[in-house]
Amino acid sequence: MPEPTFEPRTTAASNTTPNTQAQTAVPTIVVVGHGMVGQRFLESLAERGLTPAAGGARVVVLCEEPRPAYDRVRLTSYFAGQSPEDLSLVEPDFMARHGIELYVGDPATAVDRAGRTVTARSGAVFPYDTLVLATGSYPFVPPVPGKDARGCFVYRTIEDLLAIEEYAKGAATGAVVGGGLLGLEAAGALKGLGLATHVVEFAPRLMPVQVDEGGGAALLRTIQDMGLTVHTGVGTQEVTAGEDGAVTGMSLSDGSSLAVDLVVFSAGVRPRDQLARECGLAVGERGGIVVDEECRTSDPAVFAIGECALTADGRVYGLVAPGYDMARTAAEVVAGGRAAFTGADLSTKLKLLGVDVASFGDAHGAAEGSLDVVYSDARAGVYKKLVMGPDGTLLGGVLVGDAEQYGTLRPLTGSVLPVAPEQLVLPAGSGGGPVALGPGALPDEAVICSCHNVTKGAICEHTTLPEVKKCTKAGTGCGSCLKVIGQLMPPPEDSGLCGCFPYSRSELYEIVRTLEVTSFAGLLDSHGREEARGGDGCEVCKPTVGSVIASLAPTVGASGYVLDGEQAALQDTNDHFLANLQRNGSYSIVPRIPGGEITPEKLIVIGEVARDFGLYTKITGGQRIDLFGARVDQLPLIWARLVDAGFESGHAYGKSLRTVKSCVGQTWCRYGVQDSVRMAIDLELRYRGLRSPHKLKSAVSGCARECAEARGKDFGIIATAQGWNLYVGGNGGATPRHADLLAQDLSDAELVRLIDRFLMFYIRTADRLERTSAWLERIDGGLDHVRDVVVHDSLGLCEELERLMADHVAGYRDEWAETINDPERLRRFVTFVNAPDAPDPSVRFIPERDQIKPDLELLSGPVLAVRTLEGTAS
Amino acid sequence: MATATITTARGTGSVRLAHGTDWLTVCERGLLTPGRGVAVLLPDGDQAAVFMDRAGQVYAIGNRDPFTGAYVLSRGLLGSAGGRPFVASPLLKQRFDLATGVCLDDEEVSVPVFTVRAD
Ligand code: SRM
Ligand SMILES: Cc1cc2nc3c(=O)[nH]c(=O)nc-3n(C[C@H](O)[C@H](O)[C@H](O)COP(=O)(O)OP(=O)(O)OC[C@H]3O[C@@H](n4cnc5c(N)ncnc54)[C@H](O)[C@@H]3O)c2cc1C
Ligand code: SF4
Ligand code: FES
C-alpha cells in the first residue's frame, strides 16, 4: 500500500515526465478522483482496450486520498476487522499491468479548459484530451456552532474511521447527527467501539429516504432494543466544547441536551463540484456537475461520473450502482461507442446493525392509483410493504426486519406477480403464506445484480458462483444478490465425502447425532454408497467418522476413549498411537502445557525423560515442548513417567484442540488489563480433547498489543478494560487470515459461553479438514450468519450447542492415563507382533548439535531415492 | 440407533506367512484388529505388514513404504475401493493394493506381497 505522499508518484513504469511533456502523441485521458467509480471507469477502459498497455490512450489518475480506491460501501467492516488492504478495490498489479499512471495523495487543484490541462497540488501539470471527473461527494456538516470542536467527525473515508477509532479510546458517549442509512451505520460503529450511542434525526423517523412510516417504526423498535438511544424529530442546535476545545455535549432543538464526548455528522452528502465550478462548467442549482445522457458535461471534452454528477434525469445519485453505470457509459462513449445513462433505480438492501432493511422501486407509493399491501409486526420488528399498481403490477416495496424476498421481488418490479401479493408478505406459518417465490419464477431479462446490471440470463450461462463473479462481476458489489445467484446455480454434482459416502461431513454429523450411531460399519452399511456397503471404507471416511463419533461420544453413547472397540480401526496412525508419526517411523511426544505455563519441577521431569530415552527436544511454535524420536514400544514407558509427574496428552496428534497460547498479561506486564494466563489455562483445560473437523488453536492476549498473536487463531481472545474481545476464524499456515471480531467486552462467563457455541457450531457444520477460517469464508452468510447463530441464537440451537459442550467437558478423560493403566490397550504398542521385545532396526539416529536426528541413510533402500534433508537425491 | 455388524470370522487359529520354503507363524488370529495391520519381523531382518479386513480376510505385504523408505505400512489405514482392499501409507497417504502390492496412485511402484494363511 503506497504511503501518503505529496510528491507526484507513478506506480506504473513511465518514462515521460508529465510537466515537461508538452503535447502527447497518443490521446491522454486524465481521471480526477480515484474512488469507487473512478476505479470502475479504469476497469471499463481496460476492458475496451483503451489503456496504454493495450496501445490505447495515455491514462493519468489523480487520487486525493492516501490510498488507491477501496470499497467505501463496506467501509464499516473496518471495525469488524477488515484491514484497509482488505477493502482495496485494486488488484496489486492492476496499474502496472495496464500502464496506468496513478498519483496517490496528489489531488487536482485546477482545470484549464482552454489549454486542456489539469494542475495537481504537487504542481505537476497534465495535458488532457479527455478529462473525467469522478470526485464523489463530501459529507454535509450543518452549520451549527461548535461543529469544528475536537471530537467532531464525518464518516466517509478510511482516514475518518482511523481518527474516530483513535478518539473513541478516550470517549464514553457518542452521538450521530443524522438517522439515515450512513448515520445508522456510523452509530453501529460507535456502539461497536464501546460508546453509549445516541442518534439524532431531524425527520420524524429513521431512514426517511428509504423507508416509510411503518418501516421506520419497526426499525426504531429493533434499534432501540440494541441499546441505542434514538431521538427523532429533533435538530442539533449546538455542539458544546470544554475549555480544552474538546466536545462535551450537544443541545437539541427541543430544549434538551446530551452529554457526549464524540460527535459524528452524517447529515447527507453533497457532490464535490468545486473544481468544475471554478473552471466554469455548468453545475446544478443545488450542486452536482450537469451531464447529459452520455455523461458529458457542458464541455464535450469533460465527463463527470459518480456521486459528483447531476445526471440527465435531474438527480444526483448517492449509490454506487448508478455510479458504476455511469462509469461504463462514459468509457463506452470515450471508446467511440454509443451508450446512455438515463437514470437508475434506487433499490437498496442493507444489513443495518444486523437488521435487514430493503427498499426498491416506488417504495413510497408515489404512483397514481397505487395501493399498499402491508404486513407489520412491530413486536418482532418486521414490516413489509408491497406497492401495487392498479393493474396488479408490482411497483416497489419496503422490507424491514426480514428482507428474505428482496432478491426475487426487486427483479419482478414492473411485472405482474405470479401469486397474490399478500401471500408474499405474510410470515411463515400463518395460513396461506408465504409462498416461496423462487428465482425460477424470474424472466431471463430480470436484473439480478443491480450493482453490475447483470441479468438472470447472463448469470445462468455459468454453473458456479466463482465463475459468475469472475465473468460477470455479479455479486461483487454490495453482495445482496448472492443468495439468489446461489439459488440459480445447479446443485454440485456430488458433495459426498469420498467414494464410500454420498454425504458431506456435516451431513454425516447430523446422521450420527440424530440416529445415535456409534459404529462406522453400521453407518457404512446403512448410509454408504451402494457399492461401498459391506466394505472397509477408506482412509478419508474412517478418520472423519471416527472424529464425528468422538466429538459426539458422550451424547450418542459411544466410548469417550477413541481407541475402544471398532473406533480403534478408524483412527489415523497418529491417533492410533496417540503420538505423531515422524519421517523415519518414530514418534514425537507433546505433553500438554496449558497456556504455556510450566513449573520448574515439570521442566525438570521433561528434561529427565528426554535424557533417559535419548529424545530430541525442541520448543514448539505452540508454547510447549516436543520430544522426538520415540519408538512405538517406548511410548507407554515414556508416558508412564510423564503421567506420574502430572502431565497429560497434548493431543498434538489429533484433529482437536492444540494449544491456547498466552502472554504474561496483567500479572507481570505493565500494559496488561486482564489475567490472560489464567484465561488461557481455563480455556485449554475446557476444550482439551475436543475432536473437531481440523485442529483448533487459540491464544489469549492481555491487551491490544497482542503478544500472544490471538488474531492468528481459530478463536483468539484479546483483553479489554471491560472484559474480553473474541475473534474467530484466524489462521496461520499456508493461507493466513486474521480472525474477525465476533463479540466484544465479554465477561468470563459470556466469553466461555460464546466459545462453546462457536466451536460446537463449527464442529457440526464444517467440512473435513476445514479450518475455521475456510469454514467462515465458505458458509452462507459468513461471519454475520455465524454471529446470528451463536450470539443471537437465530436458529434456536444455542441451548443444544452448550449442552453438547457441557457433555464433552464432563466426559473428558486423559487418553494417555487411560492407556497406560490398561494392559489390553497397551497391547498395540509393540513394533513387531511376532517379536514384542525387538526394537525396530529401521529406527536409528545419528548425532547432531548435541542431540539426535533420524538416520535417513538407513531408509533409502535400492528401490527408490529418498529426499535427504539437503534436498538432493541419494 | 444403528448397531455394529462386524462380520469377522474370528478363528482361534494362527496366522502364518510363507517365507522362503517355510511357513513363519506370525501371531494368533485373535490378535488382529479388523481394519488395521501389524508389523512382522522376518528372519532375514526384513519386515512385513499383515492386515485383516472387515470380512476376516488376511493379507500381507512388505512393511516398507517405498515413497519414504520408512517401515510403516503396517500402521496405515485399511480401506476398500471397488471391492479391492488397500492400505494407505500413514506418511504421505499413497495407497497400495493388498492383493497385488501395486500402488494405486502410481502404478510404477509396488511393494512385495507375501502369501499368508490364517486358519
Ligand atoms: C511441532 C510444530 C513445529 C515446531 O517445531 O514448532 C509443528 C509441527 C507440525 N505441524 Fe504445524 N507445528 C507447530 C506449530 C504450528 C503453527 C504455530 C502455532 O500453532 O502457533 C502453525 C500456524 C498456525 C495455524 O495452524 O494456523 C502451524 C501450521 C501447520 C499447518 C498449516 C495449517 C493450515 O491451516 O494451513 C500444518 C498442516 C496441516 O495441519 O494440515 C501443520 C502440520 C504440522 C505437522 C503435524 C505435520 C505432520 O502432519 O506431520 C507437524 C508435526 C510434527 C510432529 O510430528 O510433531 N502445521 N503449525 C509446532 C507444534 C505446536 C504445538 O505445540 O502443538
Ligand atoms: C459508510 C458508507 C456506506 C455506504 N453504503 C452504501 C451502500 O450500502 N450502497 C451503495 O450503493 N452506496 C453506499 N455508499 C455510497 C458509495 O460509497 C458511493 O456511492 C460511492 O463511493 C461513490 O463513488 P464515487 O467514485 O463517485 O465517489 P468516491 O468513492 O467518494 O470517490 C471520489 C474520490 O475522489 C477524490 N477526489 C475528490 N476531489 C478530488 C480532486 N480534486 N482530485 C483528486 N481526487 C479527488 C476523493 O478523495 C475520493 O477518493 C456508502 C458510503 C459510505 C461512506
Ligand atoms: S499482549 Fe499486552 S499484556 Fe500481553 S504481554 Fe503483550 S503488552 Fe503485555
Ligand atoms: S446487487 Fe450488489 S453485488 Fe449484486
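The values are calculated or read from the model by the stated rules, or taken from the named source; none is laboratory data. What you see is a predicted model, and the numbers here were worked out from it, not measured in a lab. Please note: Cβ atoms are built from the backbone with ideal geometry, for glycine as well, and neighbour counts cover all protein chains shown. Ligands, DNA and RNA are stripped out before the accessible areas are found, and what is left, the full protein with its side chains, is counted by its heavy atoms. Shrake-Rupley method; radii C 1.70, N 1.55, O 1.52, S 1.80 Å.
Within region A:544-559, the only residue that satisfies the criterion of being in contact with a helix residue (DSSP H, G or I) (Cβ under 7 Å, 6 or more places away or on another chain), surrounded by fewer than 18 Cβ atoms within 10 Å (Cβ to Cβ) and outside any helix (DSSP H, G or I) is A:559. Name the one entry in A:810, A:739, A:774, A:749 that is closer than 23 Å to residue A:690 by Cα, among the small types (Gly, Ala, Ser) and within 16 Å of ligand 3 (Cβ to nearest atom). The conditions single out A:739.
Assigned to a helix (DSSP H, G or I), away from ligand 2 (no atom under 16 Å from the Cβ), at pLDDT 90 or above and buried (at least 20 other Cβ atoms within 10 Å of the Cβ): which single residue out of A:753, A:764 fits that description? Outline the logic, then answer.
Values: A:753 fails: buried (at least 20 other Cβ atoms within 10 Å of the Cβ).
After ruling out the rest, the residue left standing is A:764.
Considering only region A:683-747, give the strands (runs of 3 or more DSSP E) lying wholly within it that have at least 2 residues that are open to solvent by less than 10 Å² (accessible area, probe 1.4 Å) and in contact with an Asp or Glu (Cβ under 9 Å, 6 or more places away or on another chain).
Working: elements: A:696-701, A:715-720, A:723-728, A:740-746.
Result: A:696-701, A:715-720, A:723-728.
For region A:562-569, check the following and say yes or no: at least one residue is away from every other protein chain (no Cβ under 12 Å) and over 27 Å from residue B:81 (Cβ atoms).
Filtering region A:562-569 down to residues away from every other protein chain (no Cβ under 12 Å) leaves A:562.
So of that shortlist, the ones also over 27 Å from residue B:81 (Cβ atoms) come out as none.
The answer is no; no qualifying residue exists.
What residue, among those in region A:462-482 that are outside any loop (DSSP other than H, G, I, E, B), of a type outside the set (D, E, K, R) and open to solvent by 20 Å² or more (accessible area, probe 1.4 Å), is nearest to the other protein chains (Cβ to nearest Cβ)? Among those residues, the one meeting the criterion is A:466. Checked against (1) assigned to a strand (DSSP E or B); (2) open to solvent by 10 Å² or more (accessible area, probe 1.4 Å); (3) of a type in the set (Gly, Ala, Ser), residue B:79 meets all criteria but (2).
Got at least one residue in region B:25-38 being more than 7 Å from chain A (Cβ to nearest Cβ) and open to solvent by 40 Å² or more (accessible area, probe 1.4 Å)? Show your work before the answer.
Step one: list which residues in region B:25-38 are more than 7 Å from chain A (Cβ to nearest Cβ), which gives B:25, B:28-30, B:32, B:37.
Adding the requirement that they be open to solvent by 40 Å² or more (accessible area, probe 1.4 Å) leaves B:25, B:28.
Yes, region B:25-38 has at least one match.
I'm checking my understanding of the structure. Among residues of region A:577-616 that are part of a strand (DSSP E or B) and open to solvent by less than 50 Å² (accessible area, probe 1.4 Å), which one is nearest to ligand 3 (Cβ to nearest atom)? Show your work before the answer.
At the first step, the residues of region A:577-616 found to be part of a strand (DSSP E or B) are A:580-581, A:587-589, A:591, A:616.
In the following step, the residues that additionally are open to solvent by less than 50 Å² (accessible area, probe 1.4 Å) were identified as A:580-581, A:587-589, A:591.
Working: A:580: 30, A:581: 35, A:587: 34, A:588: 29, A:589: 29, A:591: 24 Å.
Here the answer is A:591.
Could you list, in sequence order, all residues of region A:689-708 that are closer than 21 Å to residue A:809 by Cβ and among the polar types (S, T, N, Q)? I'd like the intermediate steps shown before the answer.
Of the residues in region A:689-708, the ones closer than 21 Å to residue A:809 by Cβ are A:689-700.
The answer is A:692, A:698.
Looking across region A:573-596, the residues that are of a type outside the set (Val, Ile, Thr), over 18 Å from residue A:831 (Cβ atoms) and touching a residue at least 60 places away in the same chain (Cβ under 8 Å) come down to A:575, A:592, A:594, A:595, A:596. Looking only at region A:288-295, decide whether some residue is in contact with a Phe, Trp or Tyr (Cβ under 9 Å, 6 or more places away or on another chain) and farther than 30 Å from residue A:131 by Cβ. Checked against the condition, which is being in contact with a Phe, Trp or Tyr (Cβ under 9 Å, 6 or more places away or on another chain) and farther than 30 Å from residue A:131 by Cβ, region A:288-295 yields no hits at all. Has region A:82-100 got any residue that is within 20 Å of residue A:331 (Cα to Cα), within 16 Å of ligand 4 (Cβ to nearest atom) and either more than 14 Å from chain B (Cβ to nearest Cβ) or within 26 Å of the chain's Cα centre (by Cα) (or both)? Looking for residues that are within 20 Å of residue A:331 (Cα to Cα), within 16 Å of ligand 4 (Cβ to nearest atom) and either more than 14 Å from chain B (Cβ to nearest Cβ) or within 26 Å of the chain's Cα centre (by Cα) (or both), one finds at least one in region A:82-100, hence yes. Scanning region A:338-364 for residues that are modelled with pLDDT of 75 or more and among the acidic types (Asp, Glu) turns up A:356, A:362. Taking region A:133-200 as the region of interest, the strands (runs of 3 or more DSSP E) fully inside it that hold 1 or more residues being closer than 22 Å to residue A:725 by Cβ and touching a residue at least 40 places away in the same chain (Cβ under 8 Å) are A:173-177.
Looking at residue B:7, is it modelled with pLDDT under 90 and at the interface with chain A (Cβ under 7 Å from one of its Cβ atoms)? Against the criterion (modelled with pLDDT under 90 and at the interface with chain A (Cβ under 7 Å from one of its Cβ atoms)), residue B:7 does not qualify. The sole residue among A:109, A:135, A:173, A:119 that is in contact with an Asp or Glu (Cβ under 6 Å, 6 or more places away or on another chain), modelled with pLDDT of 95 or more and either open to solvent by 30 Å² or more (accessible area, probe 1.4 Å) or over 30 Å from residue A:311 (Cα atoms) (or both) is A:173.
Residue A:285 falls short on exactly one of the conditions (1) surrounded by fewer than 18 Cβ atoms within 10 Å (Cβ to Cβ); (2) in contact with a His (Cβ under 8 Å, 6 or more places away or on another chain), and that condition is (2).
Residue-by-condition table, conditions (1) within 16 Å of ligand 3 (Cβ to nearest atom); (2) outside any loop (DSSP other than H, G, I, E, B); (3) open to solvent by 20 Å² or more (accessible area, probe 1.4 Å); (4) within 14 Å of chain B (Cβ to nearest Cβ):
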site: A:250; (1), (2), (3), (4): no, yes, no, no
site: A:255; (1), (2), (3), (4): no, no, yes, no
site: A:263; (1), (2), (3), (4): no, yes, no, no
site: A:267; (1), (2), (3), (4): no, no, yes, no
site: A:294; (1), (2), (3), (4): no, no, yes, no
site: A:315; (1), (2), (3), (4): no, no, yes, no
site: A:325; (1), (2), (3), (4): no, yes, yes, no
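Output the residues belonging to region A:617-647 that are part of a loop (DSSP other than H, G, I, E, B) and either surrounded by fewer than 16 Cβ atoms within 10 Å (Cβ to Cβ) or not aromatic (Phe, Trp, Tyr) (or both). First the steps, then the outcome.
We begin by selecting, within region A:617-647, every residue part of a loop (DSSP other than H, G, I, E, B); these are A:620-624, A:631, A:645-647.
Hits for region A:617-647 are A:620, A:621, A:622, A:623, A:624, A:631, A:645, A:646.
Every residue, every condition in (1) small (Gly, Ala, Ser); (2) closer than 23 Å to residue A:83 by Cβ, yes or no:
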site	(1), (2)
A:698	yes, yes
A:702	yes, yes
A:722	no, no
A:733	yes, yes
A:747	yes, no
A:758	no, yes
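Take region A:497-518 and flag every residue that is within 27 Å of residue B:92 (Cα to Cα), within 11 Å of chain B (Cβ to nearest Cβ) and at pLDDT below 90. Of everything in region A:497-518, those that are within 27 Å of residue B:92 (Cα to Cα), within 11 Å of chain B (Cβ to nearest Cβ) and at pLDDT below 90 turn out to be A:498, A:499.
Residue B:98 satisfies every condition listed in (1) within 19 Å of residue B:32 (Cα to Cα); (2) at the interface with chain A (Cβ under 7 Å from one of its Cβ atoms); (3) not charged (D, E, K, R) except (2).
Specify which of the listed residues (A:485, A:549, A:459) is without any contact (Cβ under 8 Å) to a residue 40 or more places away in the chain, of a type outside the set (D, E, K, R), within 14 Å of chain B (Cβ to nearest Cβ) and more than 16 Å from ligand 2 (Cβ to nearest atom). Quick ask: steps written out before the conclusion?
Values: A:485 fails: within 14 Å of chain B (Cβ to nearest Cβ); A:459 fails: within 14 Å of chain B (Cβ to nearest Cβ).
Among A:485, A:549, A:459, only A:549 is without any contact (Cβ under 8 Å) to a residue 40 or more places away in the chain, of a type outside the set (D, E, K, R), within 14 Å of chain B (Cβ to nearest Cβ) and more than 16 Å from ligand 2 (Cβ to nearest atom).
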